[in-house]
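Some notes on the structure that comes next.
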Amino acid sequence: MTATHLDAGSPAPDFTLLDQDGKSVSLGDLRGSKVVLYFYPAAMTPGCTTEACDFRDSLASLAGAGYRVIGISRDEPAKLAQFAERDGLAFPLLSDPDASVHRAYGAWGEKNNYGKIIEGVIRSTFVLDEQGVVTLAKYNVKATGHVARLRRELGID
């Protein structure tokens, strides 16, 4: 199955998902804000924890530049709440258990996992402008160092 890939200039697919507190969050509700939307495989795993904590540690500088950070995984809200609590993650973590939003963004598909081709989450990050248009799309990002590279690309110290 060929995954959809979004590019700069693509409209960001809208969605409504539950966050770690069981509240509905819609992309449409975020219009007027720049958004960093990142997809990760699983809460509380080493790589995903590294990436989430890097976003946590960069939250002030990202917010200062007008960006809101949102993480999306297939985890249920209860697990996301544990993840947020354990690691002090003060941004929304959204639950996409059927991976429908992952698929809409091209963050689900075939990938090489230690030499074996499997279908799963493709670690990806999207930067959206205030109108919900993709300004940056990054697929197959590495957990370590990704946030620092993203900040450099966005011109954020």
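Listed values, structure above:
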quantity	calculated
Relative contact order, percent, region 1-82 [alpha-carbon distance under 8 Å, six or more residues apart]	36
For region 28-76, projected area of the alpha-carbon convex hull averaged over all directions, nm²	3.8
For region 16-154, with +1 on Lys and Arg beta carbons and -1 on Asp and Glu, the positive-most of Gly115, Phe126, Ser26 along the dipole	Gly115
Rounded to 5, the percent of DSSP beta bridges in the chain classed as antiparallel	70
Pairwise FRET efficiency - Lys116 versus Asp14, Cβ, R0 = 22 Å, nearest 0.05	0.05
Value of relative contact order over the chain, rounded to a whole percent, pairs C-alpha under 8 Å and six or more apart	33
Within region 1-151: Cβ-based charge dipole about Cα centre, in debye rounded to nearest 20 (Lys, Arg +1; Asp, Glu -1)	400
Computed [θ] at 222 nm, deg cm²/dmol, the chain (DSSP H ≥ 4; -39,500 (n - 2.57); rounded to nearest 500)	-8500 deg cm²/dmol
Calculated Rg and Dmax of region 1-53 using C-alpha coordinates, Å	13.6, 34
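Since every read-out is calculated from the coordinates, none of them should be taken as a lab result. Here the structure is a predicted model, which is why all the values come from computation and not from measurement. Note that each Cβ is placed from the backbone with ideal geometry, even for glycine, and that neighbours are counted across all protein chains shown.
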